[in-house]
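What follows is a set of notes on a single structure, which appears directly below.
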Amino acid sequence: MFSARCHCIFLAIAIILMGNASAWSQVLVYEFHFSEEKGVNYHTFETGYFVAPILGGTGSFVLATNEDRTYVTASESGQMFPAGDRDERKVVVSATATKGSAKGQLVVIGDVDHLLKVSSPTVSLSVSVAKVLNGTSVFADSEAGADKQVTDSSYGSAGSSKVRLTLDESETERANDDGLSIAATIEKLAKLLERQGYAPYEGGSEAGGAASSAAADDDGQTKQADDEN
């Protein structure tokens, strides 16, 4: 059991590592990889990024799909936190999506196995992080109460995907060297996706919590209904 005492130990280590409050502005950038997609009427993202405080906390997503070369952002919609016991140390990233009848969940876990040295205009530090996190995203939508029928007569949606987050040390270094916030880093990564041929998804506003799965805004049926408006 990961006790409150263990949380205090992690917090104490974090305080020692950061040296001063400026360390809270340091960020980590992880790149998404999705695979082994299974389900019905289900399509998830293929790539993207998660950006979080270097010592854990609330992070943001920018996720892209190759199906129509679009991307969505989801600000402050994921959590990165430590978990473990006296024998092992892990890092967890989790996110939950709810939009109408659509619900999704993402959980990935990685070993604290990599020493990262970062610097910014105000502070330099070394911190132990997870280089790779693996897990699963799941999504389901009964489409109950939907006010439009999709043109291919499909209904309902559910599925799952394997997810891997890999530390992008180059983007992490750039963000911290420039002293960028999480929001500014997400904006910069979105521009990077645009240079790769992706465009902002025009079916609605931010994905909200949609980062956890195909989520409502990236579900093929939802997009199709949007396109009919």
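What to note about this one:
- From the options K99, K131, K90, K162, residue that is at pLDDT below 95 and among the charged types (D, E, K, R): K99
- Qualifying residue in the range 164-186 (condition: open to solvent by less than 20 Å² (accessible area, probe 1.4 Å), of a type outside the set (A, V, I, L, M, F, W, C), in a strand (DSSP E or B) and closer than 23 Å to T44 by Cα): no
- The residues of the range 84-100 that are touching a helix residue (DSSP H, G or I) at 6+ places or on another chain (Cβ under 9 Å) and touching a residue at least 12 places away in the same chain (Cβ under 8 Å), listed by number, are G84, D85, R89, S94, A95, T96, A97, T98, K99, G100.
- Among the residues of the range 59-69, those identified as surrounded by fewer than 22 Cβ atoms within 10 Å (Cβ to Cβ) and touching a residue at least 40 places away in the same chain (Cβ under 8 Å) are E67, D68, R69.
- Note on the range 76-106: among residues that are open to solvent by 60 Å² or more (accessible area, probe 1.4 Å) and within 26 Å of S157 (Cβ to Cβ), the one that is farthest from the chain's Cα centre (by Cα) is G100.
- Filter pass, E143 being among the acidic types (D, E) and surrounded by fewer than 20 Cβ atoms within 10 Å (Cβ to Cβ): no
The values are calculated or read from the model by the stated rules, or taken from the named source; none is laboratory data. Remember, it's a predicted structure, so these values are computed and weren't measured experimentally. With ideal geometry, Cβ positions are generated from the backbone for all residues, glycine too; neighbour counts draw on all protein chains shown. Heads up: the accessible areas ignore ligands, DNA and RNA and are worked out on the full protein's heavy atoms, side chains in. Shrake-Rupley method; radii C 1.70, N 1.55, O 1.52, S 1.80 Å.
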